[in-house]
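Beneath this line is the structure, given in structure tokens, with notes to follow.
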Number of protein chains: 2
Amino acid sequence: MALPNRPGTTSSEAEAVLFDLVDVYDRAYEAAAAELSLSPAQACVLGRLDERRGMGALAEELGCDASNITQIVVRLEALGLVVREPNPQDRRARLVTRTPRGDDVNQRFATAFTFARTAVGRLSPDEQDQLTALLRKALG
Amino acid sequence: MALPNRPGTTSSEAEAVLFDLVDVYDRAYEAAAAELSLSPAQACVLGRLDERRGMGALAEELGCDASNITQIVVRLEALGLVVREPNPQDRRARLVTRTPRGDDVNQRFATAFTFARTAVGRLSPDEQDQLTALLRKALG
DNA sequence: CATGGTTGCTTGAGTGAATCAAGCAAATTC
DNA sequence: GAATTTGCTTGATTCACTCAAGCAACCATG
């Protein structure tokens with residue numbers, strides 16, 4: 001299990017709940033990925049492939065180096081969850097697509113990662129709206 | 001930058017804001033650690049050392065293998081931020097303490113990691129209470 | 001067109017986090 | 001006092017991540 005991104009001290013109660021939330025969320029994400037024998041990074045990339053797209057687009061969206069994506073995609077490909085096809089428009093580029101098995105695993109991941117669904121589900125529709133508004137405001 | 005723990009699809013708005021929140025939080029934590037040339041895991045361990053404690057206690061609190069803690073502490077020790085002293089009560093065990101430099105770096109990390117403080121600070125005291133209550137309820 | 005720069009991706013080297021298995025020494029239990 | 005358990009470290013392995021370098025293919029511009 002990955003170490004939490006949790007500071008040592010907390011000044012307000014609201015902050016403390018926030019830390020808890022992030023911690024529980026991250027662990028749930030990791031656990032859901034692990035159920036399918038995926039790393040969090042692999043689950044994340046797999047989830048972005050509803051449409052076929054290039055390596056560079058993935059790197060940019062996910063905010064990391066292209067070579068990082070290469071590695072992760074290579075592993076997903078080795079697992080048979082993804083294929084890299086040549087891009088007919090640009091022979092340098094490669095388009096990544098989920099295989100049917102990849103679709104299946106991705107679907108099962110979405111089912112297994114219940115955290116956000118469950119958490120939001122504990123709130124009434126009104127409360128959900130309040131939460132949304134408060135978090136939007138807090139995020140600035 | 002680490003890949004986000006973000007699923008591919010989102011069903012409700014509240015969920016989407018939650019994903020954003022976690023994403024922004026994690027990136028802010030990582031960035032604050034990076035400012036001090038620490039990894040997130042190192043910053044996390046350093047933050048737990050307000051009192052001296054054993055390796056095992058750290059591992060248990062942070063929910064990971066003891067050997068993982070060993071590595072991280074070894075690196076923190078190499079950076080001069082932490083020392084491992086023998087435990088007079090139990091000669092198998094070792095107590096980890098921050099050095100003065102460790103205290104300083106930890107303090108500067110706490111200052112640099114403004115995310116939660118800033119986010120909560122955008123809310124009025126009433127709103128903070130509402131948020132706390134909603135998140136508590138959502139966390140179950 | 002040629003040639004020079006840019007883009008898209010991969011490779012290689014290096015670091016760190018994480019896990020598991022194995023080991024060792026000190027403590028505990030019986 | 002022998003067997004077990006506890007606390008930690010070591011070693012091996014995997015993966016994520018970054019940076020630098022490289023290689024094609026694309027795209028100017030003259």
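The values are calculated or read from the model by the stated rules, or taken from the named source; none is laboratory data. Just so we're clear, the structure is a prediction, and the values are computed from it rather than from any experiment. When we count neighbours, we look across all protein chains shown, and the Cβ atoms used for this are built from the backbone with ideal geometry, even at glycine. These accessible areas exclude ligands, DNA and RNA; they are computed on the full protein's heavy atoms, side chains included. Shrake-Rupley method; radii C 1.70, N 1.55, O 1.52, S 1.80 Å.
Across region A:114-140, what is the total count of residues that are closer than 13 Å to B:Leu135 by Cα, surrounded by fewer than 16 Cβ atoms within 10 Å (Cβ to Cβ) and within 21 Å of the chain's Cα centre (by Cα)?
Summing the residues that are closer than 13 Å to B:Leu135 by Cα, surrounded by fewer than 16 Cβ atoms within 10 Å (Cβ to Cβ) and within 21 Å of the chain's Cα centre (by Cα) in region A:114-140 gives 2.
Kindly indicate whether any position in region A:85-95 is touching a helix residue (DSSP H, G or I) at 6+ places or on another chain (Cβ under 8 Å), farther than 22 Å from B:Val22 by Cα and either more than 7 Å from chain B (Cβ to nearest Cβ) or exposed (fewer than 15 other Cβ atoms within 10 Å of the Cβ) (or both).
yes
Got a number for residues in region B:43-62 being at the interface with chain A (Cβ under 9 Å from one of its Cβ atoms), without any contact (Cβ under 8 Å) to a residue 60 or more places away in the chain and under 12 Å from the mean Cα position of the chain (by Cα)?
The total comes to 5.
For region B:14-26, indicate whether the set of residues that are open to solvent by 10 Å² or more (accessible area, probe 1.4 Å), in contact (Cβ under 8 Å) with a residue 24 or more places away in the chain and at the interface with chain A (Cβ under 7 Å from one of its Cβ atoms) is non-empty.
Looking through region B:14-26, at least one residue is open to solvent by 10 Å² or more (accessible area, probe 1.4 Å), in contact (Cβ under 8 Å) with a residue 24 or more places away in the chain and at the interface with chain A (Cβ under 7 Å from one of its Cβ atoms).
Output the residue which, of all residues in region B:31-54 that are surrounded by fewer than 18 Cβ atoms within 10 Å (Cβ to Cβ) and within 12 Å of DNA strand C (Cβ to nearest atom), is nearest to B:Gly80 (Cα to Cα).
Per the criteria, the residue is B:Ser37.
Residue by residue through region B:63-99, note down the ones that are under 16 Å from the mean Cα position of the chain (by Cα) and within 9 Å of DNA strand C (Cβ to nearest atom).
Correct list: B:Gly63, B:Cys64, B:Asn68, B:Ile69, B:Ile72, B:Leu76.
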